[in-house]
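None of the figures in this text is laboratory data; all of them are computed from the coordinates on show. Note that the coordinates shown come from a computational prediction; the quantities given were computed from them, not determined experimentally. Cβ coordinates were reconstructed from backbone atoms using ideal geometry, including for glycine residues, and neighbour counts include every protein chain displayed.
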Amino acid sequence: MADAEAEPLLQIDRLSKRFGGVIASDDVVLDVAAGELHAIIGPNGAGKTTLIGQLTGEIAPNAGRIVLAGQDITALPAWRRSAMGLARSFQITSLFLDFTAQDNVALAVQAHAGHSFRFWRNARTENELRAPAHAALARVGLAARAAQVVANLSHGEHRQLEIAMALATRPRMLLLDEPMAGMGPEESARMVALLRELKQDLTILLVEHDMEAVFALADRISVLVYGRVIATGTPEAIRANEEVRQAYLGDDDGGGDA
Amino acid sequence: MIAALTPRTIAVAVVIAMLALVPVYAHLVGNLFVLSLFTRIVILAIAAVSLNLIMGFGGMVSFGHAAYIGIGGYVVGILAHEGVRSGFVQWPLAILLSAIFALGIGALSLRTRGVYFIMITLAFAQMIYYVAVALDRYGGDDGLTIYRRSQFAGLVDLANKTVFYYVCLALLLGCVYLVWRLVNSRFGLVIQGSRSNDRRMNAIGFPTFRYRLTAFVIAGAICGLSGALLANHTDFISPAMMHWTRSGDLIVMAVLGGMGSVFGPVLGALALLLLEEALPSVIGLFAVLFTGKDMATAREYWQLILGPMLLLIVLFARGGIDGILAGLRRG
């Protein structure tokens, strides 16, 4: 999967971000090939979420470049990156809590169905928005909960809805920020199955603490420590990497929790 | 969509029917003050409905919305003073100029959030207020009398108080319908999404600023229309019509009536302005009952009753009057 022949879908080139004296991203270099599931792991405070924030456009880097499909997107605002096919899910669930699940996803569909300066027709009955929304909900297993107000859904369902919304924007690439955070083992297993299915036709950059899930899903893994990528490689290579073991995984095995 | 017969829709229908019958009642009992009061209520309800588009649905708490009442009113007053009496010129210009001001004010203030947004909209409204005070040619602080109401080529005679009332009522219902269509359209879902979670809106690909600004301009334009109506109603313009306390009144109307619904602010305007009329008499009555004297000064303290009422609504009935009506079905 990690062929260097084709141009990577996402290239991160010496990205740096400082918050005062704290270096959150330190010359981060990372490529994500089209079609691969690339996982980023690292201890708490390694700068994973800051990196995601820079990729989506919510945080401006101090230096470096981000290139998506050959186009420099470093200076583009968040909404334009989303329009280019970069979708994200949030580590801390960020939904429209007072809307129904269906309305949440339909809004994501609408974001990519041309401009929204349409003032008259009832958007809640537009099949053009509702059908894809329903398909996305069905894909993550939330079809039966479509009409529920989001505030009434469970935590696990919120995480599923996060993914449905990202999917509804019909992205080229998914940035998933800890999709399994706070999930029980059963919900996690379901999420792993869902991600395995999604990786069939999507490029995914996955930030996750659940090592079991990461090693089961990832084609390649990058290890971030103190804002710096200390290693990139296949799960086997990362498991065998001495530096990674010392810095992060602990010496016994690769299955421990950070 | 056909709404079911809930207490809420019944209440809306009853209120509209009662509003439609106000002139009949006024003529039957020969009390033209009632007609004048309800004309004022209907006009300010238009302003409150427009405010609720941005405040209730868009989460933009504008504390300077009365400025557009002033702009709309001054366009009518100044044009009348300069000899342009056609409503076909006055009213569209009132709406247009309000929209232009809203565009400028919104473009700057929508870059801020929360308290800063409230303060910056108030600041702009105060600027416009003082500009009006400084307009010596048009009466300055004292205001300006309008000797003839807007002329519509003999089609409608606004000097006839009943006709004028029905024109205002028709425009109110038109505005309610317009806002109702707006909030349920794609555009409306975007501004509601932006109220709910603007960060997420950006993440899924919406440039929300331009939608919020558009809503702000539409609200300003509608409010400008209510200003044009108010100038015609009072036959007078003065800076007082856009005093900052009126912006506060409009917020109170929306909160009292219910920000979650398009019709709520109409109920709020009715409630607030009727209480404003009734409470002084009630207090006066109590003063006579308990002291045996007619204490005119006691009447001035009617807000002592209104204040706690508002407090109770905010604390226990978040959805305002509309929320209470909506809750009846379940309760």
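Enumerate the residues in segment B:234-270 having an amide nitrogen under 14 Å from the point lying 7 Å beyond the Cα of B:S36 toward its Cβ.
Those under the cut-off are B:234-236.
What whole-number distance in Å separates the alpha-carbon centres of segment B:62-124 and segment A:111-131?
A separation of 30 Å, based on Cα centres.
In Å, the Kirkwood hydrodynamic radius of segment A:143-246 over pairs of distinct alpha carbons? Provide the component values of the computation, followed by the final result.
Details: mean 1/r = 0.0660 Å⁻¹.
Value: 15.2 Å, from the Cα pair sum.
For chain A, what are Rg and Dmax over the alpha carbons, in angstrom?
18.5, 63
As an exercise, identify the trypsin sites (Lys or Arg not before Pro) in segment B:58-122 lying in DSSP coil whose Cβ has no more than 15 other Cβ atoms within 10 Å.
On the way: sites: B:R85, B:R111, B:R113; in loops: B:R85, B:R111, B:R113.
Answer in residue order: B:R111, B:R113.
Given 10 °C and 1.306 mPa s, how large is the Stokes-Einstein diffusion coefficient of chain B in µm²/s, with Rh as the Kirkwood radius over Cα pairs? Write down the numbers at each step before the final one.
Working: Rh = 20.7 Å.
Rounded to a whole number, D works out at 77 µm²/s.
Rounded to the nearest 0.05, what FRET efficiency do B:L274 and B:H27 give with R0 = 22 Å and r taken as the Cβ-Cβ distance? Could you check? Numbers along the way, then the final one.
Details: r = 20 Å, r/R0 = 0.90.
Using R0 = 22 Å, I get an efficiency of 0.65.
Report the Cα centroid-to-centroid distance between segment A:17-60 and segment A:213-236 in angstrom, as an integer.
First find each Cα centre; the distance between them is then 12 Å.
What do you get when you divide the Cα radius of gyration of the protein assembly as shown by 2.2 N^0.38 Å, with N the number of residues? Before the final figure, lay out each step's value.
Working: Rg = 29.6 Å, N = 589, 2.2 N^0.38 = 24.8 Å.
The protein assembly as shown yields a ratio of 1.19.
Please report how far the C-alpha centroid of segment B:143-165 lies from that of segment B:248-319, rounded to the nearest whole angstrom.
31
Report, in cubic angstrom per residue, the convex hull volume of the C-alpha atoms of segment A:96-170. Can you show the working numbers first?
Values: hull volume 6.0 nm³, N = 75.
Roughly 80 Å³ of hull volume per residue.
Rounded to the nearest 0.05, what FRET efficiency do A:N122 and A:A216 give with R0 = 41 Å and r taken as the Cβ-Cβ distance? Could you check?
Numbers: r = 44 Å, r/R0 = 1.08.
That gives a FRET efficiency of 0.40.
Using Cβ counts within 10 Å as a stand-in for footprinting exposure, how do B:H233, A:H112, A:H155, B:H65 rank, fewest first? Could the numbers behind the result be given before it?
Values: B:H233 23, A:H112 18, A:H155 13, B:H65 31.
By the 10 Å Cβ count, ascending, the order reads A:H155, A:H112, B:H233, B:H65.
Just the Cα atoms of segment B:181-287: what Rg and Dmax do they give in Å?
Answer for segment B:181-287, Rg first and Dmax second: 18.1, 61 Å.
Can you report the principal axis dimensions of segment B:56-119 using only the alpha carbons, biggest first, rounded to whole angstrom?
43, 20, 16 Å, listed from the longest principal axis down.
I need the calculated FRET efficiency for the pair A:E236 and A:A144, taking r as the beta carbon distance and R₀ as 35 Å, to the nearest 0.05. All intermediate terms of the calculation are to be shown ahead of the outcome.
Values: r = 40 Å, r/R0 = 1.14.
E(calc), rounded to 0.05, equals 0.30.
Let me know the volume per residue of the alpha-carbon convex hull for segment B:15-85, in Å³. Kindly include the intermediate steps, with their values, before the conclusion.
Values: hull volume 8.7 nm³, N = 71.
Per residue, the Cα convex hull of segment B:15-85 comes to 122 Å³.
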